[in-house]
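A.B. asks: Take this structure first; my questions come after.
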Amino acid sequence: MKDSYADYWQQNVNHVRINHAHCETNPLRHKGYGASCWGLTSSDGPEGYAAHSPDSDDGTLSPTAAVSSMPYAPKEAIQAIRHFLTVHGDRIWGRFGFVDAFCEAKDWYADTYLAIDQGPIVVMIENYRSGLLWDLFMKAPEIQTGLRALGFTRTGSR
């Protein structure tokens, strides 16, 4: 979708690229960061809850940030999933999926599984696979009415 302010598909792609590039170049030299180990978003951390981003980066990564980016950067997201599971294994994967976050430099691994993380992971994997949830949402008459009233139009992407 786009409106007079932005093409939101492209906006999301750009945000994912910035997130991935920051972790890949690793300007702050955080342990573990790289092309296969990335994902900055608000999450728990060794010092408590914080908004993790390229301009506020304490070395805490959130699997949900990388995995939920699958529709926008599938190669990088799949690479991150493989890395998370093979390198970090049961330290970040458990009964309910990926934990909220981890900080390899401080040997800190969350023991919490947050619905706000798990939901987007499942939804965005399915949206990458089939677009099902986006399509169902966009077919709702109330959504169509609201989007038209707000001046949104569809782009060539999903």
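A.B. asks: Sort out which residues of the range 63-97 are farther than 17 Å from Arg17 by Cβ and open to solvent by less than 50 Å² (accessible area, probe 1.4 Å), and write them in order of number. Write out each step before concluding.
C.D. replies: Kept after step one, since they are farther than 17 Å from Arg17 by Cβ, are these residues of the range 63-97: 63-64, 81-97.
Those that are farther than 17 Å from Arg17 by Cβ and open to solvent by less than 50 Å² (accessible area, probe 1.4 Å): Pro63, Thr64, Ile81, His83, Phe84, His88, Gly89, Ile92, Gly94, Gly97.
A.B. asks: Give the range 67-81 a look and list any residue that's out of contact with any strand residue (DSSP E or B) (no Cβ under 8 Å at 6 or more places or on another chain) and closer than 17 Å to Glu104 by Cα, or say none.
C.D. replies: Within the range 67-81, Ile81 is the sole residue that qualifies.
A.B. asks: Select, from Gln144, Gln118, the only residue that is under 16 Å from the mean Cα position of the chain (by Cα) and among the polar types (S, T, N, Q).
C.D. replies: Gln118
A.B. asks: So is Asp100 open to solvent by 30 Å² or more (accessible area, probe 1.4 Å), of a type in the set (D, E, K, R) and modelled with pLDDT of 95 or more or not?
C.D. replies: No, not satisfied.
A.B. asks: Now a separate question. Quick one: Asp57 ticks every box in (1) open to solvent by 30 Å² or more (accessible area, probe 1.4 Å); (2) modelled with pLDDT of 95 or more; (3) charged (D, E, K, R) except a single one, so which number is it?
C.D. replies: (1)
A.B. asks: Which of the residues belonging to the range 1-28 are among the aromatic types (Phe, Trp, Tyr) and open to solvent by 90 Å² or more (accessible area, probe 1.4 Å)?
C.D. replies: Going through the range 1-28, the residues among the aromatic types (Phe, Trp, Tyr) turn out to be 5, 8-9.
Tyr5, the sole residue that qualifies.
A.B. asks: Filtering the range 126-156 down to residues that are in contact with a strand residue (DSSP E or B) (Cβ under 8 Å, 6 or more places away or on another chain) and of a type in the set (Val, Ile, Thr), which residue is least open to solvent (accessible area, probe 1.4 Å)?
C.D. replies: Ranking the qualifying residues of the range 126-156, first place goes to Thr155.
A.B. asks: Cβ-Cβ distance below 9 Å, separation of 6 or more or different chains: which pairs start in the range 18-42 with a residue that is under 17 Å from Lys106 (Cβ atoms) and end on one that is of a type in the set (A, V, I, L, M) and assigned to a loop (DSSP other than H, G, I, E, B)?
C.D. replies: Here the result reads Cys23/Ala35; Cys23/Leu40; Gly39/Ala101, each pair linking the range 18-42 to a residue that is of a type in the set (A, V, I, L, M) and assigned to a loop (DSSP other than H, G, I, E, B).
A.B. asks: Hey, any hits in the range 123-137 for a residue that's touching a Leu at 6+ places or on another chain (Cβ under 8 Å), within 17 Å of Gly45 (Cα to Cα) and charged (D, E, K, R)?
C.D. replies: No, the range 123-137 contains no residue that is touching a Leu at 6+ places or on another chain (Cβ under 8 Å), within 17 Å of Gly45 (Cα to Cα) and charged (D, E, K, R).
A.B. asks: Can I ask one more? Looking only at the range 32-47, how many residues end up being closer than 9 Å to Ala80 by Cα and under 14 Å from the mean Cα position of the chain (by Cα)?
C.D. replies: Qualifying residue count for the region: 4.
A.B. asks: With the requirement that a residue be open to solvent by less than 40 Å² (accessible area, probe 1.4 Å) and at pLDDT 95 or above, what does the range 106-125 give you?
C.D. replies: Ala110, Ile121, Met124
The values are calculated or read from the model by the stated rules, or taken from the named source; none is laboratory data. Keep in mind that what you see is a predicted model, and the values were worked out from it rather than measured. Virtual Cβ from ideal backbone geometry, glycine too; neighbours counted across all protein chains shown. Heavy atoms of the whole protein, side chains included, go into the accessibility calculation; ligands, DNA and RNA do not. Shrake-Rupley method; radii C 1.70, N 1.55, O 1.52, S 1.80 Å.
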